[in-house]
């Protein structure tokens, strides 16, 4: 009888999201910085989009790619923060299977698109430094539009099987998720079936996208360094490298937490649950929060336009 009870299969599964384990009493206080993070992410990325759209002098390839990054960061924030704040403000932890799977799709799609945009930005910096005279002739507006479309389609198509791979399962194990939002690798562990297909497809997708993108970004910077080191003037060398600092910060903010979260989920069974939760928050909250700040600080043109708008 006990065995039958333990193996109950929930056709209409309801999952429980996790805030900060054992710290329910401070959830309301924790919600304050999270609300600030959410507000800064939305306002910061919206301001960048507004400035780039309304200022013709910023209609250059670098800023067009930055606007793509800002749009993706907005998507990530809007997809994840409502459920996080729902837990901290109202202790609303329940999420239905269909809502969870929908969130899985959008989180992974936006993450994959962000990885693609970071690769395009590395490509942009590589051309700007290695072949500046042909920069505008190579990165024409129609070509940039096609590249952006390919990024979106790649994310949409490759993540499209995730909902179906999760929907086919019935869930009979503990229904408590490790984070304040739904991830594919987190949900599939609760299935009462063989998850080999999900594991293989998830791993192949990660290697084909994040793995390939990070490798190409690394090769781009190898080519950039090779070009820069061949420049005779040290001032020119530093000036060229300075144009890459913002992008390097965005790459590190995205890939380091992503790798850390993937490792703790797939190979860190003995790792602390608090560590997994912390990596999960950094993975999704750091890029939308920090990217607008980093680019506003490092880009003189963008910073001047933002100051001008707020002064007016």
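The values are calculated or read from the model by the stated rules, or taken from the named source; none is laboratory data. These numbers were taken from a predicted model, which means no experiment stands behind them. Counting neighbours? That spans all protein chains shown, and the Cβs are built from the backbone with ideal geometry, glycine included.
General remarks:
- Within the set 208, 106, the sole residue that is in contact (Cβ under 8 Å) with a residue 24 or more places away in the chain, more than 19 Å from residue 284 (Cα to Cα) and touching a helix residue (DSSP H, G or I) at 6+ places or on another chain (Cβ under 8 Å) turns out to be 208.
- The set of residues in segment 215-266 that are modelled with pLDDT of 80 or more, surrounded by fewer than 14 Cβ atoms within 10 Å (Cβ to Cβ) and not in a helix (DSSP H, G or I) contains only 230.
- Verdict on residue 219 being closer than 26 Å to residue 162 by Cα and out of contact with any strand residue (DSSP E or B) (no Cβ under 7 Å at 6 or more places or on another chain): no
- Residue selected from segment 186-205 under the condition buried (at least 18 other Cβ atoms within 10 Å of the Cβ) and part of a helix (DSSP H, G or I), by the criterion farthest from the chain's Cα centre (by Cα): 190
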